[in-house]
Amino acid sequence: MEFSQSSIAIGVFLAAYALIISEKIHRTVVALAGAVLVIMLGVLGQEQAIHHIDFNTLGLLVGMMVIVAITSETGLFRFLAIWAAKAVDGNPLKLMIVLGVITALASALLDNVTTVLLMVPVTLSITKQLQVDPIPYLISQIIASNVGGTATLIGDPPNIMIGSAVKELDFLAFVNNLAGISMIILIVNIAILALIYRKQLTTTAELSASIKSLDPREQITDPKLLKICLGVMALTITFFFLHQQLHLESATVAMFGAVLLIILAKKNTDHQLEQIFHKVEWVALLFFVGLFILVGGLVETGVITLLAQKSMELTAGNPVTTAMLILWLSAIASAFVDNIPFVATMIPLIKDMGVLGITNLEPLWWSLALGACLGGNGTLVGASANVIVAGLAAQAGHPISFIRFMLIGFPLTMLSVFIANIYIYLRYLS
């Protein structure tokens, strides 16, 4: 019976994975269908399935989405983009660099999916005014968003999932261990992108002058609300730093920030709340729900434990070899399949490695975070942010081809992971 259940769990999981990769059916529909099948076929009971849903991850995402939804009403991101364009005197190449840095910083402090949703429309507007190809800007923002998101607990969904699963890895731990190396990798990536696109990104003096005439302050539609939003964001991020000392989960902090902002911004009518919650990406959240249940089926039937045992046999339990295997496997796998389902599968596997004999799991967690987040830059389907930028670009009449992105993204990913490899070895394993 156990063998039968594990076979069903593997079959449903692999079928769901194949359909997610094929993009024939929306990934949320696939994940939910797989979750329902796992329950209906008796692999998990309904109570067991609910137990496997990580409500800390979901709560953190909802809280941050609400904060960003209200902040986006102030015009802050349009202000930042036009301020950046003026700061570089409308120079297209310098603008690409500055917008990349802004995207990376915003991705670290908010999350990369929300950041690109807000940055891409503004970028398309400015590049249209400068009459330059927007695709180099969009490619650089995809890469910057994934690298910037690597730096913090809340920056990228894989980090949110790891932080939720491993209580010792709090907001401060992510900053201490990943922010510095993320900054180095960002500088290397942006320098190479600037080198690649330096001859392509040119415009006339007249068009550059037209950017100089814009006033970024005009983009701020509600200064009072902006002050409230910035204050609540600062308080929320402070609480993220202190959440372990305060004995609060990161989801509680994010939801506190969201509720406080709703109250202070006086967004308390039915219509206003509907507008805010309409901007929450419920489709993405339901994808997580289905995914957690699918992986729960693999955990309960012992499939994950078996995979951990085989991995330990392959690396002979050597911490260095195991960390390197996780880093490179995560990066290459995450380049070709969305990094979220991959990380959901790897988390229980690494936990089982701890039970099987590896005493210090910390290098493995940082290897997984770096591999999955940086690997997301390998192809257009590697991370959620990539898919969103590609969709927005296509809607605006500037489709990014899979090959065009991969020719830039994949070599940069391999270089980034190589730098991360050196960092992991020198800091944790030498």
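The values are calculated or read from the model by the stated rules, or taken from the named source; none is laboratory data. Predicted model only: the values in this text are computed from it and were never measured. With ideal geometry, Cβ positions are generated from the backbone for all residues, glycine too; neighbour counts draw on all protein chains shown. These area figures cover heavy atoms from the full protein model, side chains too; ligands, DNA and RNA do not enter into them. Shrake-Rupley method; radii C 1.70, N 1.55, O 1.52, S 1.80 Å.
Details
- Put simply, the Cα atoms of segment 322-430 extend 53, 25, 15 Å along their principal axes, the longest span coming first.
- Cross-link partners of LYS212 among aspartates and glutamates, defined as those whose alpha carbon lies under 18 angstrom from its own and excluding same-chain residues fewer than eight positions apart: ASP89.
- Approximating the spin labels as points 7 Å out from Cα along Cα→Cβ, the ALA316-to-VAL188 distance works out to 2.9 nm.
- Here is the P(r) of segment 1-126: all C-alpha pair distances, binned every 5 Å from 0, give 2, 9, 13, 14, 12, 11, 10, 9, 8, 6, 4, 2, 1, 0 in whole percents.
- Residue order for TYR425, TYR197, TYR17 - accessible surface, 1.4 angstrom probe, largest first: TYR425, TYR17, TYR197
- Volume per residue that the Cα convex hull of segment 64-146 spans, once the total is divided by residue count, Å³: 75 Å³
- Choice from HIS398, HIS243, HIS278 showing the highest fluctuation, given a GNM over the chain with Cα pairs closer than 10 Å: HIS278
- When the Gaussian network model of the chain links Cα atoms closer than 10 Å, the mean-square fluctuations of ASN112, ASN189, ASN268 top out at ASN268.
- Computed over segment 1-95, relative contact order equals 19 percent, with contacts defined as Cα pairs under 8 Å that lie 6+ residues apart.
- Apportionment of accessible area to carbon and sulfur, segment 251-380, percent (1.4 Å): 67 percent
- Most mobile of SER22, SER416, SER164 in a GNM of the chain (Cα contacts under 10 Å): SER22
- 1.4 Å probe accessible area per residue over the chain, in Å²: 41 Å²
- Full extension of the segment from HIS51 to ALA18, taken as 0.36 nm per residue of separation minus the current Cα-Cα distance, would add 9.3 nm.
- Quarter of Cα convex hull surface for segment 275-351, i.e. mean projection, nm²: 6.3 nm²
- For segment 191-291, the Rg and Dmax computed from alpha carbons only, in angstrom: 20.6, 57
- In the calculated pair-distance distribution of segment 4-68, the portion above 19 angstrom amounts to 46 percent of the Cα-Cα pairs.
- Environment charge of GLN219, counting only residues whose C-beta is closer than 13 Å and scoring Lys/Arg +1, Asp/Glu -1: -1
- You can think of it this way: the chain between ARG427 and SER7 has 147.2 nm of extra reach, that is 0.36 nm per residue less the Cα-Cα gap.
- Along its three principal directions, the equivalent ellipsoid of the chain from the Cα gyration tensor extends over semi-axes of 36, 25, 21 Å, largest first.
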